[in-house]
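A.B. asks: Shown below is the structure under consideration.
The values are calculated or read from the model by the stated rules, or taken from the named source; none is laboratory data. Everything numeric in this text was worked out from a predicted model, so none of it was measured. Please note: Cβ atoms are built from the backbone with ideal geometry, for glycine as well, and neighbour counts cover all protein chains shown. Side chains are part of the model used for accessible areas, which takes the heavy atoms of the whole protein and leaves out ligands, DNA and RNA. Shrake-Rupley method; radii C 1.70, N 1.55, O 1.52, S 1.80 Å.
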Amino acid sequence: MYTISAKLTFWIPHAGSLKDKRQVGRSLIDKTRRRFNASVAEVDTQDVRQTLTVGVAVVSGEAAHARHCLDEIVRFMEATADAELTGVEYD
């Protein structure tokens, strides 16, 4: 069994409040969960208005498959988010 994870940081310049940020975050997390069989959650910067930090974890029987799935999720989130992806940290 192989587990791989990543922490993605997004910049949301139009977020005027935490409510705006959470709406963007909830939408992105829900879309990602529906499309992929992966664990996705907001993991940091909950009180920072324009920064969203999301953690993603994938479990697979093969390391290459887990990495491919995680890369696909990162590409999907970057393309789908109503925000700018500013950083990705793989673990």
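A.B. asks: Considering only protein heavy atoms and a 1.4 Å probe, what is the carbon-and-sulfur percentage of the accessible area of the chain?
C.D. replies: It is 47 percent, rounded to a whole number.
A.B. asks: Only helical DSSP H runs with n ≥ 4 go in: add -39500 (n - 2.57) per run for the chain, normalise by residue count and round the 222 nm mean residue ellipticity to 500 deg cm²/dmol.
C.D. replies: Details: 2 runs with 36 residues, N = 91.
Dividing the helical sum by the residues of the chain leaves -13500 deg cm²/dmol.
A.B. asks: Express the accessible area of the stretch 1-68 per residue in Å², computed with a 1.4 Å probe while the remaining protein chains stay in the model.
C.D. replies: Numbers: 4030 Å² over 68 residues.
The answer is 59 Å² per residue.
A.B. asks: Average the reciprocal distances over every distinct pair of alpha-carbons in the stretch 4-51, invert the result, and give the Kirkwood radius in Å. Intermediate results must be reported in sequence, preceding the final value.
C.D. replies: Details: mean 1/r = 0.0874 Å⁻¹.
Hydrodynamic radius (Kirkwood, Cα pairs) of the stretch 4-51 is 11.4 Å.
A.B. asks: Taking the stretch 15-74, which trypsin sites (Lys or Arg not before Pro) meet the DSSP loop condition and have no more than 15 other C-beta atoms within 10 Å? Display every interim value, and only then the final one.
C.D. replies: Values: sites: 19, 21, 22, 26, 31, 33, 34, 35, 49, 67; in loops: 49.
Passing sites in the stretch 15-74 are 49.
A.B. asks: Got a sec to turn the phi values of the stretch 30-47 into Karplus ³J(HN,Hα) couplings, 6.51 cos²θ - 1.76 cosθ + 1.60 with θ = phi - 60°, whole Hz, x for Gly and Pro?
C.D. replies: Working through the residues one at a time gives 5, 4, 5, 4, 5, 7, 10, 8, 9, 8, 9, 7, 6, 10, 7, 6, 4, 9 Hz.
A.B. asks: What is the extension gain from residue 39 to residue 64, computed as 0.36 nm multiplied by their sequence separation minus the C-alpha to C-alpha distance, in nm to one decimal? Intermediate results must be reported in sequence, preceding the final value.
C.D. replies: Details: separation 25, 0.36 × 25 = 9.00 nm, distance 1.80 nm.
Extra length available between residue 39 and residue 64 comes to 7.2 nm.
A.B. asks: Here's another thing I want to ask about it. Treating cross-link reach as a plain straight distance, find the aspartates and glutamates whose alpha-carbon is under 14 Å from the alpha-carbon of residue 31, omitting any fewer than eight places away in the same chain.
C.D. replies: 42, 72, 78, 82
A.B. asks: For the chain, what log10 I(q)/I(0) values come out of the Debye formula at q = 0.13, 0.24 1/Å, with one point per alpha carbon and no solvent?
C.D. replies: -0.39, -1.18
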